[in-house]
Amino acid sequence: GVKLLLHGLCSNTTVKSLDLKGNNLRSVGAEALAKLLRQNKSIRSLILEWNNLGLWEESFSLFCQELGANNFLQLLDLRNNQINHQGAGELAMALKQNASLQKLDLRWNNIGLLGGRALLNCLHSNKTLKRLELAGNNIPSDILKAVEQAMDHNQDRQAILRETQNRTYILSKEVLSLKDEKTKQFLDFMDTIDKQREEIARSGRMSAAQVSQLQEALDEQHSIMNSLKAKLQMTEAALALSEQKVHNLGELLNAAKQEQASMAERHFMELQQQKQEGDDREGKLLRDLSAASEKNLLLRNQVDELEKKCKIQQDQLFQVKQDLTNTTAELKLRAVQAEERLEMEKRRFKQSLEDMESLRVKEVDHMTQHIEASERSMQDRIQRLEAIRIALEEELSQVKAAALAERGQAEEELIKVRSQARLEEQQRLEHLEEKLRLVTASWDEAQNCCLKQKQMVTEAQAKANQLSLHADGLRRRLEELQQDLKSKEEEKVTEVNKVKVELQEQVGHLQAERTAQDGLREKIAALERQLKALSSNHREALLDKEGEISMLLEKLRMKEADISRMREEEAQRASFLQNAIMAYVQGSPLGTLSSRK
């Protein structure tokens, strides 16, 4: 029945604990248990108390072999199974290979001295067994104490391993958390930098749009200037026509005076007065024309630079002048026919002059209003650009302050991590020094015990020599006692050697732990280097951003200088045009007529 049960459990993956206490298991049961240990990977606790597994050596040796190959069982109870020293030797061989068993109960068996020694020897290679119960097996107390010491050593080792694993896990978590925090900070910093770039690009676009608007306004003003120049040219042509008309009128008046001299004496005085008025007007017109010609020469000298850019317009003016000369020739031909229409033309001429003066006044007012409006718009735009520049400078100062704050926080975190690592290393070193002190104290105690035992041996030898004088029969007993003492000394020497080996192993483990600590230190140094590299990258990025911002500020300054220069040029041009228009209006014959009126 047990064989069938264990055969069914070979493929089971849910049973964690198996209790077969008091079932009188023998050879077949031991073989079935060996098969179970070979195939099952889920059982962690196996209780076999009150059975007879140790009576059949071959089946028990199979059980022990499979136990050595099993790496999943953690608790094994073999109390009252009639295990002798040979079975203990098989168990010792299994324990040398096993790496998962933590508790083994062998109480109330027949292990004896040899079995106890075998189990003690196997404990030097087994580092996972925490508890080994050997009561009721006729094992000497010193071997039991050595076994307890080995168990304590294994427990201390496992505790140290757990502590180191927990510390390494905590350190790895802290390092990962630091990495995550730094990556988050770096990503946030990059997001802020991208946002600043976008804002700078937007401000650049706005400034470009504003510059384009300013250029359009300048183009409009240039077009207005061109229109004013065309109007000036038209006025010059009108003045030339008026001069020709005046000249023609003078000739007509002279002819009329010569023809009407014989008409009547009544109109003689009126004609003389009209002649005098005509002469005065002609003198004034000639003076005005000379002044206008001088002013036109000055204007032409000042507009030479503009005439270079407007060659096409000069050609058109030349054509217009040619047309005017042709029209003057035609007018001269038609002057004879225009005698009857002199009075009507005078009236129309006066009305046209008045209309021209009103139009000029209106155009001058319109131009002044337009120039003032353009200057106001330019001032508003310049104020807006200055406000944008001030906002950008404030944002730059805020970004610099935030970067400095983040840098200070990162340095404080580095200092904290370093201090924590130093404190932990100091605590570990103190703990290891305490352990070394305890080991040296135990070593001194073992040496004292050996010295005491040697003294006892010497005393026993002296007593034996004294007793040998008394009786020959006691010599045999003394020899037997000496042999026993020699065996005990050998055992003690072996124990001392074992203790030395254990101490050497502990020293090796301590050195391994020191190397692990050195590795952790190197990792911390590498992390510090990475943090330094990240900080240097942050600094380089900040420097790049500051360079870009300085370049943008320089561009803004250049644009502001260009805008101010354009404003000055526009103001100069506007003042020049106003002065020219005012001078022309004041010096023109229309101005004199308006003043007389």
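Residues in region 41-58 that are among the polar types (S, T, N, Q) and in contact with a strand residue (DSSP E or B) (Cβ under 9 Å, 6 or more places away or on another chain): 45 alone. With the requirement that a residue be outside any helix (DSSP H, G or I) and of a type in the set (Ser, Thr, Tyr), what does region 23-59 give you? Within region 23-59, 42, 45 meet the criteria. Criterion first (part of a loop (DSSP other than H, G, I, E, B), at pLDDT 90 or above and in contact with a helix residue (DSSP H, G or I) (Cβ under 7 Å, 6 or more places away or on another chain)) does residue 109 satisfy it? Yes; evaluated as a whole, the condition is true for this residue. Inclusion of residue 91 among residues that are outside any loop (DSSP other than H, G, I, E, B) and under 19 Å from residue 2 (Cβ atoms) is not warranted.
Restricting attention to region 164-191, the residues that are over 12 Å from the mean Cα position of the chain (by Cα), open to solvent by less than 80 Å² (accessible area, probe 1.4 Å) and more than 19 Å from residue 413 (Cα to Cα) total 2. Hey, any hits in region 58-74 for a residue that's aromatic (Phe, Trp, Tyr) and under 19 Å from residue 133 (Cβ atoms)? Checking region 58-74: at least one residue is aromatic (Phe, Trp, Tyr) and under 19 Å from residue 133 (Cβ atoms).
The values are calculated or read from the model by the stated rules, or taken from the named source; none is laboratory data. Since the model is a prediction, treat every value here as computed from it, not as a measurement. Counting neighbours? That spans all protein chains shown, and the Cβs are built from the backbone with ideal geometry, glycine included. When the accessible area is computed, the model is the full protein with side chains, heavy atoms only, and any ligands, DNA or RNA have been set aside. Shrake-Rupley method; radii C 1.70, N 1.55, O 1.52, S 1.80 Å.
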